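The values are calculated or read from the model by the stated rules, or taken from the named source; none is laboratory data. The structure presented is a predicted model; accordingly, all values stated were derived computationally and were not measured. Backbone-built Cβ (ideal geometry, glycine too); neighbour counts: all protein chains shown.
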Amino acid sequence: MAIRRAADHWVWSGGPVPPGSDGITLGSLVIVKTDHTRRLLRHERVHVEQWRRLGVSLFLWRYVTSYLRWRWRGYPHKGAYRRIPLEVEAYWRERVDHDPDPDNLAAFVTGIE
Ligand SMILES: [Zn+2]
């Protein structure tokens with residue numbers, strides 16, 4: 001377990017993450033499993049930016065209400081989670097920052113389960 005300072009946030013490797021999850025971001029603190037990937041860190045860093053951009057209340061409101069809306073429409077947990085716009089942005093940017101190919105957008109969007 002180690003906490004280190006990244007560019008503009010903290011990364012806690014080996015800290016507590018939700019069951020079935022590889023990481024979570026709470027404001028400026030990114031918590032990941034010890035065997036995390038660089039791609040996951042790119043994903044979580046997008047969430048750091050989102051927390052800053054929206055603030056705590058709006059981030060949580062948008063995240064939770066979007067998830068519940070998709071669940072209400074009948075999607076299972078993972079399907080609802082992957083459709084949350086804040087997650088779509090994070091999953092898209094973790095890819096684009098690594099492999100910027102605009103043609104991937106169609107495959108990315110249609111590939112959501
Ligand atoms: Zn995420």
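Across segment 37-90, the number of residues qualifying as outside any helix (DSSP H, G or I) and within 13 Å of the ligand (Cβ to nearest atom) comes to 1. Would you check if G14 is surrounded by 13 or more Cβ atoms within 10 Å (Cβ to Cβ), of a type outside the set (A, V, I, L, M, F, W, C), more than 15 Å from the ligand (Cβ to nearest atom) and at pLDDT 90 or above? For G14, the condition - surrounded by 13 or more Cβ atoms within 10 Å (Cβ to Cβ), of a type outside the set (A, V, I, L, M, F, W, C), more than 15 Å from the ligand (Cβ to nearest atom) and at pLDDT 90 or above - is met.
The lone criterion from (1) within 14 Å of the chain's Cα centre (by Cα); (2) farther than 20 Å from V96 by Cα; (3) not in a strand (DSSP E or B) left unmet by I31 is number (3).
Against the criterion of being within 22 Å of I3 (Cβ to Cβ) and surrounded by 12 or more Cβ atoms within 10 Å (Cβ to Cβ), L54 does not qualify. Restricting to segment 1-25, and then to whatever is touching a residue at least 24 places away in the same chain (Cβ under 8 Å) and part of a strand (DSSP E or B), can you tell me which residue is nearest to R52 (Cα to Cα)? So, considering only residues that are touching a residue at least 24 places away in the same chain (Cβ under 8 Å) and part of a strand (DSSP E or B), the one nearest to R52 (Cα to Cα) is T25.
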